[in-house]
Each structure stands twice: as structure tokens, then as C-alpha cells.
Amino acid sequence: MTPYFLQAGIFLVEVAFGFYLLAVLLRLLFQIARADFYNPIAQFLVVITNPLLLPLRRVIPGFAGIDWASVALLAAIKLAELYLIGWMKDFTPAFAGMALVGLAQLLRLAVYVYLVAILVRVVLSWVNPYGAHANPAMDLLWSLTEPWLRRARRLIPAIAGLDLSPIAVFVVLELALILVIQPLHDLGAVWMLR
């Protein structure tokens, strides 16, 4: 296979798996945040994730407010993606390394979801500061980001009416990317070669 076709194939695998991983991750994060699942966007996520998630829920129960079936599905899909990409490159990664890389990539995706959600919320607050619940997307955005921002507001109160909590959350999430997730990914990448 020429490098161009290989790269195109890997891109298509990453897009297909990435879309479904994002859907399952959003569903999990919305469940943790106790978002409204009668919301049309949440209903869309339920419809596209139920075919794989419902059979897993019969075997893996939820515990401590976390849907462990969703966590298992995320792990399985990510491992399948990494294995398929390795197969396309004619490389069989070691399982322990692949698991660490997969975990790091899932954590990175979750951090990016929160970073984008908070950024969108900040921008929309400039455009329509009183329309927090103007549409279904804003409701979910509010449900997802408010727990993080509320905690940050307890530590950093508003100064002259300016809410600095998004900046504090950005800093914490970026530090998590640099100090936790990237070292985990690098360690997994080394172990994949063993």
C-alpha cells in the first residue's frame, strides 16, 4: 500500500472511530453531569450509542454514579482503533502500551471536550449573556460546564463583575494535559514497542 493510501486509510479509521468515541464520551459526561436526557441532542447520542451500549449494560452495572458500561465501551473502541491502525501499518503493538496510549487519548479527548465547551460558553455569554437556556445545545453546554465553573468560582470570585472561573479551569485542564496525560501517552508509546 502506498504511503498516501495508507495515510488516507488511517485518517478514515480515525474519523469513523473518533465520531463514535465522541458520541459515547459525551453520553457518559452528560450522565455524570446529570444533563437532561430528554434534550434532542442527548436523545441523538442515546440512539446512536444504544446498539453497543445496551448489551454491555446487561453485563457491566453502573456504580458510584458512573456508567461503567460506557467506560468499557470507550476502552474497547479505542483499543480496536489502535489495533486496526497498527495492523494497517503492519505493526502489532504490545497490549499494555496500547492500553496506556488508549487511556491517554481518551483522557485527552475528554479534556478537549471540556475546553471547547467552556470556550463556546464564554463566547456565547458575550453574545447573549441572558440566554443561558435559549436552546437545547445551550442547556447541555450549561449542564456540562457549570460543575467545573462553579468549583472554580468558589476559589476565585468575580472581580469587578468579571468571572475569571473559565480561565482557572483552562489552566487546570492544560496542566492536566501537560503533567498527566502527555507523560501517560509517552510511557504507553514506549511500552507499545516492547
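Below is a table of values for the structure above.
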read-out: Among W68, W87, W126: highest mean-square fluctuation, GNM of the chain, C-alpha pairs under 10 Å; value: W126
read-out: Rounded to the nearest 10 Å², the accessible area of I167 at probe 1.4 Å; value: 100 Å²
read-out: Nearest-ten-degree value, helix 3-32 long axis tilted from longest Cα axis of the chain; value: 40 degrees
read-out: Helical contribution to [θ] at 222 nm, DSSP H n ≥ 4, -39,500 (n - 2.57), averaged over the chain, rounded to 500; value: -26500 deg cm²/dmol
read-out: Cα-centred dipole magnitude for region 111-194, charges only on beta-carbon of K, R (+1) and D, E (-1), debye, nearest 20; value: 180 debye
read-out: Ranked order, D139, D186, D67, D90 - accessible area, probe 1.4 Å, largest first; value: D90, D186, D139, D67
read-out: Solvent-accessible area, 1.4 Å probe, carbon plus sulfur percent, for region 45-143; value: 73 percent
read-out: Convex hull of Cα atoms in region 115-183, direction-averaged projection (nm²); value: 5.0 nm²
read-out: Debye-sum result for the chain in log10 I(q)/I(0), which assumes one identical scatterer on each alpha carbon, at q = 0.11, 0.14, 0.17, 0.18 Å⁻¹; value: -0.61, -0.94, -1.23, -1.31
read-out: Rounded accessible area per residue of region 50-146, 1.4 Å, Å²; value: 55 Å²
read-out: Cα-based helix-to-principal-axis angle, 136-155 vs the chain, degrees rounded to 10; value: 80 degrees
read-out: Computed over region 49-138, the ratio Rg/Rh where both radii use C-alpha atoms and Rh is Kirkwood; value: 1.12
read-out: Charge dipole magnitude, Cβ of K and R +1, D and E -1 - the chain, Cα centre, debye nearest 20; value: 360 debye
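The values are calculated or read from the model by the stated rules, or taken from the named source; none is laboratory data. In this text the structure is predicted, and so the values were computed from the model without any measurement. Here Cβ is always computed from backbone atoms with ideal geometry, including for glycine, and neighbour counts include all displayed protein chains. Remember, those area values only see protein heavy atoms, side chains included, never the ligands or the DNA or RNA. Shrake-Rupley method; radii C 1.70, N 1.55, O 1.52, S 1.80 Å.
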